[in-house]
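Heads up, the thing below is written out as structure tokens.
Any read-out appearing in this document is the output of simple, stated calculations on the displayed coordinates, not a laboratory observation. All values reported here derive from a predicted model rather than from experimental measurement. Positions of Cβ are backbone-derived with ideal geometry, glycine not excepted, and every protein chain shown enters the neighbour counts.
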Amino acid sequence: MAAPKSRISVVLIYGLLLAGSALFSLPFMWMVATSLKVDRELFTEHLHILPMAPLPVQRSPYIDLRQFRDLTGPRQKDSLTILRNQLSKNTTAFKLEGSSEAAANSIYRNLVRTSPTTFWDSTDLDKNLRAAADATAPADAILPALREFGLGSLHLLGRHGQELETPVGPWSVSAPGAAVEFAKPADSSFPGDAVHYDFQQSNRIVLWKNLTAPFAADEFFGVRISILPDDSWHRLTVYVKSGDRWYRARRAFSLAYTSAAAVQSTWQLKSADDDSSRIKSWLVLDPVKEPPADLKQLPGQSGLSLFLVMDRSNVLQAWLGKITRNYLLTFTNLPFWRYFATSVFITSINILFSIVSCSLVAFAFSRLTWAGRDTLFAIMLATMMVPAQVTMIPQFMIYKALGWYNTLTPLWIGAMFANAFFVFLMRQFMKAIPRDLEDAARIDGCGFWGLYWRIILPLVRPALATIAIFTFLASWNDFMTPLIYLNDERLYTLSLGLFSFRVQIGTSDQALLMAGCFLMLVPVILIFFFAQRYFIQGVTLTGIK
């Protein structure tokens, strides 16, 4: 009977461990899932943990009924049936598949938000719903669910700050096997043309036009285009021909429908602005020696020509575009790698100095005999009871008097003077080492430094690893010290850089902030998985007499 009970206890223990792991991993999973979303998935009435799946459609415009996936209200089923039946009579207004259903959902949602409770309890509900359907313009009813690709205003940018708005004008089309036509956009507030396309046998559409610039070809700096994405996640790549030079966007622009408003997208040449700390709302144009052959062979090119190459995305490419979008924008919008390198430098030097200083002090307290050793050790431990907030202002005044304000020195100089807790931890490890090893080393001619370097340090590697891990976590996640001592954005660490980014974006683009936080968390996760065995060794050694 003991074996079944033992198995049940094992299953129960592992079940509790798995349940606890799942519970504590929920915030982490929420952060990862949020980093994969776009704005319209965050600011909704009903929040979903998982991101919405991308929908790489073949043709545009189209109806996206997922807009109403959380629709709820009184007498919903009967009301939607009445509205759909009434709207289906207008066959000329709803040409797209799912239009009448989208219009019914839109009208019902508006009625739920604006109508009193007596409206739904009325005996004339059928009549009122039909009247509401007849009184709503079809274009306005389907607009929340309509996805349509559009191109609006176009501005040319010069090297000396010139900006010229060019007429929308006709775009030339090169799309073998694909149908493309221009129409008036359903959203009357969008100042441009809707581009209706149908990828039939071709996976690429090229839209291009010749431009007249008020400056010479070598003065060209960039273009700004108003784009209305259709949430198809197709990839839009910009090429520019200025004189004899060709430029290509560094990365493709995903047609992600983030909100109902058009996106002002800018493509410009590499400049000093790319190294600044402010949010970058542009994509870089890089010079290319040879453009794609299909672009070079297009007829009628002038001195300045703009090409929009739209490549169709399959499901895998759409998912890849959605997963990487916020992370690529994080790399683009802030000098992530500079902040990352600064944090790596500060963390590395803190780990090195902490290990050296703490091990030396612990060696003196544990292996050497000198007057007042125990008293000074007790005084050192007493400093652990002094809150850091008490010494913060005096320490700042000292560092500022030494000329270290707005430098990286205050972020690592403290590690040279040892940490009381780490010294205590290291001392306990060193005291557990038998004296016989020390005596044997002295007989072989080892002095204090040889004993420290050849005997003690190799035996306390688990403690050294523990100190390194704790120092890494404290230094990597340190926010207060950089905030106090750094004023130059070029010296920001990753934690302070993300805070500055958070201040700039305000309440928008929270998904970008979650992407940045996840990237900052990755080194911590890697350190945990690669260094957890040292924690186990440390626990094992402390139990050995």
Placing +1 on the Cβ of each Lys and Arg and -1 on the Cβ of each Asp and Glu in the chain, which of Leu329, Pro144, Ser106 has its Cα farthest towards the positive end of the resulting dipole?
Leu329
Counted charge near Val173, where neighbours are those whose Cβ lies closer than 14 Å (Asp, Glu -1; Lys, Arg +1):
-2
Hey, any idea what Rg/Rh is for the chain, computing Rh the Kirkwood way over Cα pairs?
1.11
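Using the Cα gyration tensor of the stretch 337-542, with a ≥ b ≥ c the square roots of its eigenvalues, what is the shape: rounded (a/c below 1.5), prolate (a/b larger than b/c) or oblate (neither)? Mind showing how you got there, number by number?
Working: a/c = 2.66, a/b = 1.75, b/c = 1.51.
Prolate, because a/c is 1.5 or more and a/b exceeds b/c.
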What is the spin-label model distance, in nm, from Ala183 to Arg7 if the labels are put 7 Å beyond Cα along the C-beta direction?
6.6
Which shape class applies to the stretch 148-328: rounded if a/c is under 1.5, otherwise prolate when a/b exceeds b/c and oblate if not, where a ≥ b ≥ c are the square roots of the Cα gyration tensor eigenvalues?
rounded
Loop trypsin sites (Lys or Arg not before Pro), the stretch 211-292, which have at most 11 other Cβ atoms in a 10 Å radius of their Cβ (DSSP)
Lys289
Mean separation of Cα contacts under 8 Å (6+ apart) over length of the stretch 148-328, as relative contact order %:
25
Taking 35 Å as R0, compute the FRET efficiency from the Cβ-Cβ separation of Ser25 and Val288 and round it to 0.05.
0.20
Quick one: Debye curve from the alpha-carbon atoms of the stretch 183-223 only, equal weights, vacuum; give me log10 I(q)/I(0) at q = 0.21, 0.35 Å⁻¹ to two decimals.
-0.88, -1.20
Relative to the Cα centre, what is the charge dipole magnitude of the stretch 70-144, using +1 at the beta carbon of each Lys and Arg, -1 at the beta carbon of each Asp and Glu, and rounding to the nearest 20 debye?
60
Gained length - Arg435 relative to Asp39, 0.36 nm times residue gap less alpha-carbon distance
136.1 nm
Shape of the stretch 218-264 from its Cα gyration tensor (a ≥ b ≥ c, root eigenvalues): rounded if a/c is under 1.5, otherwise prolate when a/b > b/c, or oblate?
prolate
A chain fully extended from Leu381 to Val503 at 0.36 nm per residue, minus the present Cα-Cα distance, gains in nm 40.0 nm
Alpha carbon convex hull of the stretch 70-144, projected area averaged over orientations, nm²:
4.7
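Per DSSP H run of at least 4 residues, take -39500 (n - 2.57); add these up for the chain, divide by its residues and hand me the 222 nm value, nearest 500 deg cm²/dmol.
Rounded to the nearest 500, it is -15000 deg cm²/dmol.
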Positive-end extreme of charge dipole, the chain - chosen from Ala272, Ala135, Ser153 (charges on Cβ)
Ala272
Kyte-Doolittle cut-off -1.0, length cut-off 24 Å along the helix's own axis using Cα: show which whole DSSP H helices in the chain pass.
2-34, 315-333, 336-366, 510-542
Taking the Cα centre of the stretch 26-71 as origin and charging only Cβ (+1 Lys, Arg; -1 Asp, Glu), how large is the dipole, in debye to the nearest 20?
160
The relative contact order of the stretch 70-144, taking Cα pairs under 8 Å that sit 6 or more residues apart, comes to a percentage of 46
Rounding to the nearest 20 debye, state how big the charge dipole of the chain is about its Cα centre with +1 on each Lys and Arg Cβ and -1 on each Asp and Glu Cβ.
1460
Using the charge dipole of the chain (Lys, Arg: +1 at Cβ; Asp, Glu: -1 at Cβ; taken about the Cα centre), state which of Thr375, Gly403, Ala341 has its Cα farthest towards the positive end.
Thr375
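Could you give the length gained by full extension between Thr166 and Asp275, i.e. 0.36 nm per residue of separation minus their alpha carbon distance, to one decimal place?
Residue separation times 0.36 nm, minus the Cα-Cα distance, leaves 36.3 nm.
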For Lys89, give me every one of the lysines with a C-alpha distance below 16 angstrom, ignoring sequence neighbours fewer than eight places off in its own chain.
Lys127
Loop only per DSSP, at most 11 neighbouring Cβ atoms within 10 Å: give me the chymotrypsin sites (Phe, Trp or Tyr not before Pro) in the stretch 1-69, ordered by residue number.
Phe43
